[in-house]
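Notes for the one structure printed next.
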Amino acid sequence: MRRRYHLHLPFLVYCGLTVLVAVAAINGGSNLLFWVFGAMASALLVSGLLSGVMLLGLSVRRLLPAHGVVGEPMSVRYAIRNRSRLLPAFNLHCREHASPGESGWQDRIRGGLAWIMHIGPRELVHAEAIFWPTARGVVDFDDVEVRTSFPFGILGKSIVVTRPHGTLVFPPVLPLRQRVLDAIVPAADVGMKITQHPGAGDDYYGIRELRPGDSLRHIAWKRTANRDQLLCVERTRPNPPKLRVMLNLSRAPAEDGDAAAATRRRREELAIILAASIVEAADASGLEVGLSVLGLATAPIPPRRSHWHRNKIMAALAEIDLDQPRLPALRSPAVEMERIGVAVVHPGRADLAVAREDAWHFTTTQMHHLVDRTEAELATLVTPAAAAEAAS
Amino acid sequence: MKLLRSFPVMAFALVLLSIAGFSAAQRSVEMFLVAGTLAAVSWYVTEGPRGRTLPRWASTMLVLLVTAAGVADFAVHPRDIPGVLGRFSLALTVVKLFDRRTARDHAHLMGLSLLLMLVGCMSSYDLLFGVFVAAYSLLGLYVLLLFQLFAAHERVTERRRRRLPAVAGTRRPPQLAPTIGRHVGLHFRGLAFVIAVVGLVSSTLLFVIFPRSLGRDLGRGARGGVTAAGFADRIDLDVGTRITDSRRVAFEMIVGDGWRGGPLYLRGAVLDDYRDGRWRATVTPAEPLGTDGRSIRWLARGILDPPETVRIELRFRTPTSTLFSPYVPVGVFTSQPRSFRFDPARQTLATDRDDPPVWTYAVIAQPEPPAPLVTALSGGRRRPARPFHTFDRPDEAARVVELAETLLTEVGHPRPVGQPPSPEWGMRAAEIFAAYLQTGGFTYTLDVSGVVRTAQDPVTEFLFNSRRGHCEYFASAHALLCRAVGVDARVVTGYIVPDATPGASSLVLESAAHAWVEVPIDDVRVATFDPTPPDALDSAEDPTGGLTARLTFLVQRLEGVWMNRVVQFDERSQTQLLERLTAGSATRMKTGVEAARRWMAQVNRAFYFGPAGYIWLGLVGLAGLIAVIALVRAIRRYRALRRTLGLRTIEPGEPGRLRQLGFYHDLLVALRRGGCTKPPWQPPLAFIGTLAAGHPETAEAARAAVELYYRGRYAGRGLTRAEVAEGRRLVAAVERGLRSGS
């Protein structure tokens, strides 16, 4: 825990005023002014002591959310405990401490501020700070600063507590135009139907012996009554349409030269956003979605449909490190054999060879036709500086 | 939230209080009525059902107007800087009250209210204003604390609003609700109370110990405005001040039985030289006298207990170098030998310059002295017929002469032509002038700060224009009217006791300080004339009877305490307080040592220890001290162990385990001293893992100690004696390792 005092403008003004009152008291010989001077000086003393004692009794813990999304508020909570037996704490400002000159979480997120008006002695309160993620990726927080200038606002004092902790910021999800998804949803030999496989659906599939792990609710009581062993009902597995989103990052930015590298990097970010938007829209429409990232050493994610699976894909997109060495895009036989719709997202020109013939290919240059966003709004999503400017 | 919602009301009350306080300081009911009414209207306008505020441009225009008015006010009253500043602040406050009420505006209003009270402090010593200052301090503290919360809430809300991205369709965060614990109001008021007490104690301490002599050599030009009533051996009418009635007790007086009743004038200084609005005493050689502390020292040779004298004993609260006495003193008595100087021309007494001032003395006086007695006192010298100075400007002198002669002519007592006025004629003229000043439409007031100063002499200003003033103005005007017609009058300053009772003791306050006039009866004697309206003279005795009188007396006592303890607290008061404290603590220490010695002697006698008993007692005392220290250390270690091991309750078998696991606490202390503090949230072994990166060898020993700790803490069995010893050995190894940096 590091402690420090902050001498800001009100402190200097107050000190100047106190000196003026002292001079007026000495020159005028007015005892009331002497008393006022005494009160002002003691206020300075009380301010320094009280804020220091108040902060020394605090302990802070950060409660991060599982993830944030670029452009959406991310609520970070701080659990603050006042260990003091007698002294309450007032007017505490809790924020992430950023060392000057260091590039860390500030590159990906704009800092929030949690305000705690009061903590009683021996109490624990939770305060909320709203952060605004500006870029996807891993956000590593390090130090938490708790600051107060109570009781008089003259002298600020802060403590900095080291609490290393990280979270993921997912890429932004843009509303995809409906016809785009309609076009890429496979409509031929795959679709919403019941397969002849047991699963977690609603329709009846058959009867079998009860096995450890089966729910008691699935016991077929009538059949069980006729036999000596417990039987349970087996349901069919639903088989919704499937979609594999392929993100083609096989071409490294440096290959185009330094000048074009930045543009290429922006396009790749847009491609990631487009992929995330397709995944989100497909998931919302009831499709099973999978993801393959071409050009990077990442394992493909098979198509599934659940909340956790969706987050898994988003996390995979968030964790993509564009500085990694790129590999040539290889067509996987297993993926080729899948009875599944395929949407390939390219940052630049479309390379039709990376997927099978019936795949849909999208590029970032078409992006404003695919999502409900203008080009300017899209630019703010991939450039934190532009985003900050737009926010201000 | 209830706390935050109460802030605007409290802040408004604070501003209203400062307006009332400043009006009280200025003693202006009109100011309070106007400003207070406008402030009340502002509350209805801004916080009422409509909730309207002045637009910015309108408030800016009004502020400019107020500033212009302030400049004009300063041009009219260039010497009344506090008054000008206060009126300007008051007008600005009223304008700001109609303005918007953001946190910044509230801060402005609070700053202005503080300025009003500071200006009030510079211009008033009244008890009423003191009450306002006390109330303002308490309320101001509460409002200031509340303001911190209010402003922070507003700032954080605004910051959260501003951080919202401007992109359409962005999900908005929820509204900010203050994070508060339980009993916030109780805690807030409790903390405010504690701060108030600490602030009061520390500010009082600073007030008491702040050296008052620092400003002695600084310019006194800025001083003035307000002075407290009290005796002065000179008069300066050219400084327009307001005199605050001082309820400080000057001295206690016992008048002997020889007193026939009536007002008692105790003469301090006789001022006979008037120039430029100032009265001074002409320097004349004074004769040195000495008292032996046993008998009365008669002031002239040949005087030995003259008839019809009165003995007056005075006990001063602060020592004095001027010896006050009725006209005419004939003898002095002090309990200790002292050296005096007696001015035979004026019959005044003062201590010798090299001698310390006196606290108590008795003076023998003869109120109606025969001429030979006064001649003896004056050493046989008659009053010289000398020219006396009146006014520098001839036109002013002519106006006063014209007035004096008009007054005399009106009552049929014209000035004799071609011959000097006789003493009898002079006495009659002095009577006429005194009657004119008492009944001629002049107003007695202690506040002459409002009188506009011009190039005129202050006495002519008083006589012909303002017609307002206190006893010094009345006495000066009377003396100068007498001088205008050739009567050698002089001003005397001292104390007046309007109704001194023979044989009774009475307290004389500083506010009984007075100025009057002496006019010659013959070549050696003088008669006393008091031109001040009699209604203005206060009684120095305790009021008796009736609830009103008792309440008045109570308020006067309060005022006395206020003046004594606060307003007139000076370097001398500091010295007295220090002496009292020093004497008190020395006495207490001496008493304590004596009591301890007696107790030891009793114990020694009771156990028949003999001469070596004191050594035994000393050893027992030392052992007791060591036992207490050991007990304190044991309790502290017990508490630290409980804290470290996270044991809130101790089971019957736990104290033994606490002792066993003490090595783990020692390990953490050693690591902390070595700069490796274990975070409370980190498990011990995980912490040792992080330690291994910087101190691999030390981490090995620490890991073994922690594993031993785990065994003792969580394995459900205690540690053996050997294991505990091993734990201590490991801690010692960790300490060695940290010292060597491995």
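The values are calculated or read from the model by the stated rules, or taken from the named source; none is laboratory data. Bear in mind that the values here come from a model prediction, so they are computed numbers and not experimental data. Counting neighbours? That spans all protein chains shown, and the Cβs are built from the backbone with ideal geometry, glycine included.
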Next item on the list: Of all residues in segment B:4-29, count the ones that are in a helix (DSSP H, G or I) and under 20 Å from B:Cys121 (Cα atoms).
Entry: 15
Check: In segment A:49-70, which residue that is within 32 Å of the chain's Cα centre (by Cα) and among the β-branched types (Val, Ile, Thr) is surrounded by the most Cβ atoms within 10 Å (Cβ to Cβ)?
Finding: A:Val70
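Looking only at segment A:100-117, how many residues end up being in a loop (DSSP other than H, G, I, E, B) and in contact (Cβ under 8 Å) with a residue 12 or more places away in the chain?
4
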Margin query: Checking A:Thr167 against (1) under 11 Å from the mean Cα position of the chain (by Cα); (2) within 12 Å of chain B (Cβ to nearest Cβ): exactly one of these is not met. Which one?
Written below: (2)
Check: Is it the case that segment A:80-89 has a residue that's out of contact with any His (no Cβ under 6 Å at 6 or more places or on another chain), part of a loop (DSSP other than H, G, I, E, B), more than 10 Å from chain B (Cβ to nearest Cβ) and buried (at least 16 other Cβ atoms within 10 Å of the Cβ)?
Finding: yes
Notebook entry, point to check: Across segment B:322-347, what is the total count of residues that are surrounded by 15 or more Cβ atoms within 10 Å (Cβ to Cβ) and under 17 Å from B:Phe251 (Cβ atoms)?
Noted result: 10
Notebook entry, point to check: Can you find a residue in segment A:120-137 that is out of contact with any Pro (no Cβ under 8 Å at 6 or more places or on another chain), more than 11 Å from chain B (Cβ to nearest Cβ), surrounded by fewer than 22 Cβ atoms within 10 Å (Cβ to Cβ) and closer than 30 Å to A:Phe170 by Cα?
Noted result: yes
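I'd like the full set of residues that are within 30 Å of A:Trp105 (Cβ to Cβ) and within 11 Å of chain B (Cβ to nearest Cβ), limited to segment A:7-50. Lay out the reasoning, then the answer.
Initially, segment A:7-50 is screened for residues within 30 Å of A:Trp105 (Cβ to Cβ), giving A:7-11.
Once the filter is applied, which keeps residues that are within 30 Å of A:Trp105 (Cβ to Cβ) and within 11 Å of chain B (Cβ to nearest Cβ), segment A:7-50 yields only A:Pro10.
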Item checked: Failed item in (1) surrounded by fewer than 18 Cβ atoms within 10 Å (Cβ to Cβ); (2) touching a Gly at 6+ places or on another chain (Cβ under 8 Å); (3) within 10 Å of chain B (Cβ to nearest Cβ), with A:Arg3 passing the rest -> (3)
Notebook entry, point to check: If we scan segment B:167-185, do we find a residue that is more than 7 Å from chain A (Cβ to nearest Cβ), assigned to a helix (DSSP H, G or I) and at pLDDT 75 or above?
Noted result: yes
Item checked: Within segment A:60-79, tally of residues that are touching a His at 6+ places or on another chain (Cβ under 9 Å) and of a type in the set (D, E, K, R) -> 2
Notebook entry, point to check: Looking at B:Ser42, B:Ser59, B:Ser28, which one is buried (at least 17 other Cβ atoms within 10 Å of the Cβ), out of contact with any Asp or Glu (no Cβ under 8 Å at 6 or more places or on another chain) and polar (S, T, N, Q)?
Noted result: B:Ser42
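Tell me which helices (runs of 4 or more DSSP H) are completely within segment B:405-493 and hold 1 or more residues being at pLDDT below 90, out of contact with any strand residue (DSSP E or B) (no Cβ under 9 Å at 6 or more places or on another chain) and surrounded by fewer than 16 Cβ atoms within 10 Å (Cβ to Cβ), or say none if there are none.
B:423-439
Going by the structure shown, is B:Gly718 within 60 Å of the chain's Cα centre (by Cα) and either in the same structural domain as B:Leu658 (by TED's automatic domain parsing) or without any contact (Cβ under 8 Å) to a residue 40 or more places away in the chain (or both)? So that I can check it myself, show each step before the final result.
On the way: within 60 Å of the chain's Cα centre (by Cα): no; either in the same structural domain as B:Leu658 (by TED's automatic domain parsing) or without any contact (Cβ under 8 Å) to a residue 40 or more places away in the chain (or both): yes.
Judged against the criteria, B:Gly718 is not a match.
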Note to self: Among (1) at the interface with chain A (Cβ under 8 Å from one of its Cβ atoms); (2) in a helix (DSSP H, G or I), there is one condition B:Leu114 misses while meeting the rest; what is its number?
What the structure shows: (1)
Next item on the list: Scan segment B:347-396 residue by residue and report those that are aliphatic (A, V, I, L, M) and modelled with pLDDT of 85 or more.
Entry: B:Leu349, B:Ala350, B:Ala362, B:Val363, B:Ile364, B:Ala365
Check: Taking only pairs six or more apart or across chains, which ones have beta-carbon atoms under 8 Å, a first residue in segment B:91-114 that is within 17 Å of A:Leu17 (Cα to Cα), and a second residue that is charged (D, E, K, R)?
Finding: B:His108/B:Lys96; B:Leu109/B:Lys96; B:Leu112/B:Lys96
Note to self: Looking at the structure I just gave you, is B:Ala350 in the same structural domain as B:Ile254 (by TED's automatic domain parsing) and either in a loop (DSSP other than H, G, I, E, B) or surrounded by fewer than 22 Cβ atoms within 10 Å (Cβ to Cβ) (or both)?
What the structure shows: yes
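Under the condition of being in a strand (DSSP E or B) and within 11 Å of another protein chain (Cβ to nearest Cβ), which residue from segment A:67-78 is farthest from A:His8 (Cα to Cα)? Step through it out loud before you land on a result.
Start the filter on segment A:67-78 by keeping residues that are in a strand (DSSP E or B), which leaves A:67-69, A:74-78.
Applying the additional criterion that residues be within 11 Å of another protein chain (Cβ to nearest Cβ) yields A:69, A:74-75, A:77-78.
Working: A:Val69: 36, A:Met74: 30, A:Ser75: 29, A:Arg77: 28, A:Tyr78: 26 Å.
Here the residue is A:Val69.
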Margin query: Regarding segment B:151-158, can at least one residue be identified that is within 14 Å of another protein chain (Cβ to nearest Cβ), assigned to a helix (DSSP H, G or I), within 24 Å of B:Val566 (Cα to Cα) and at pLDDT 90 or above?
Written below: no
Next item on the list: Identify all residues within segment A:207-246 that are assigned to a loop (DSSP other than H, G, I, E, B), over 36 Å from the mean Cα position of the chain (by Cα) and surrounded by fewer than 12 Cβ atoms within 10 Å (Cβ to Cβ); write none if there are none.
Entry: A:Arg211, A:Pro212, A:Arg227, A:Asp228, A:Gln229
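One line per residue, one yes/no per condition, for (1) more than 27 Å from the chain's Cα centre (by Cα); (2) closer than 22 Å to A:His6 by Cα:
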{"residue": "A:Pro73", "(1), (2)": "no, no"}
{"residue": "A:Phe90", "(1), (2)": "yes, yes"}
{"residue": "A:Val125", "(1), (2)": "no, no"}
{"residue": "A:Phe131", "(1), (2)": "no, no"}
{"residue": "A:Gly137", "(1), (2)": "no, no"}
{"residue": "A:Val144", "(1), (2)": "no, yes"}
{"residue": "A:Arg147", "(1), (2)": "no, yes"}
{"residue": "A:Pro151", "(1), (2)": "yes, yes"}
Checklist line | Residue under evaluation A:Glu375, criteria (1) under 30 Å from A:Asp140 (Cβ atoms); (2) at pLDDT below 85, criterion not met | finding: (1)
Next item on the list: For segment A:50-66, state whether one or more residues are in a helix (DSSP H, G or I) and either farther than 20 Å from A:Gly120 by Cβ or among the small types (Gly, Ala, Ser) (or both).
Entry: yes
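Out of the residues in segment B:138-150 meeting the condition of being in contact (Cβ under 8 Å) with a residue 60 or more places away in the chain and at the interface with another protein chain (Cβ under 9 Å from one of its Cβ atoms), tell me which one is nearest to A:Ser149 (Cα to Cα). Don't jump to the end; show me each part of the working.
Step one: filter segment B:138-150 for residues in contact (Cβ under 8 Å) with a residue 60 or more places away in the chain, giving B:139-140, B:142-143, B:146-147, B:149-150.
Add one more test, that the residue is at the interface with another protein chain (Cβ under 9 Å from one of its Cβ atoms), and what stays is B:147, B:149.
Details: B:Phe147: 12, B:Leu149: 10 Å.
So the residue we want is B:Leu149.
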Check: So is B:Ala362 in contact (Cβ under 8 Å) with a residue 12 or more places away in the chain, in contact with a strand residue (DSSP E or B) (Cβ under 8 Å, 6 or more places away or on another chain), within 21 Å of B:Gly256 (Cα to Cα) and surrounded by fewer than 22 Cβ atoms within 10 Å (Cβ to Cβ) or not?
Finding: yes
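With the structure loaded, tell me whether A:Leu63 is out of contact with any Asp or Glu (no Cβ under 7 Å at 6 or more places or on another chain), at the interface with chain B (Cβ under 10 Å from one of its Cβ atoms), over 15 Å from A:Ile154 (Cβ atoms) and touching a residue at least 12 places away in the same chain (Cβ under 8 Å) or whether it fails that test. Explain how you work it out, then say what you get.
On the way: out of contact with any Asp or Glu (no Cβ under 7 Å at 6 or more places or on another chain): yes; at the interface with chain B (Cβ under 10 Å from one of its Cβ atoms): no; over 15 Å from A:Ile154 (Cβ atoms): yes; touching a residue at least 12 places away in the same chain (Cβ under 8 Å): yes.
For A:Leu63, the condition - out of contact with any Asp or Glu (no Cβ under 7 Å at 6 or more places or on another chain), at the interface with chain B (Cβ under 10 Å from one of its Cβ atoms), over 15 Å from A:Ile154 (Cβ atoms) and touching a residue at least 12 places away in the same chain (Cβ under 8 Å) - is not met.
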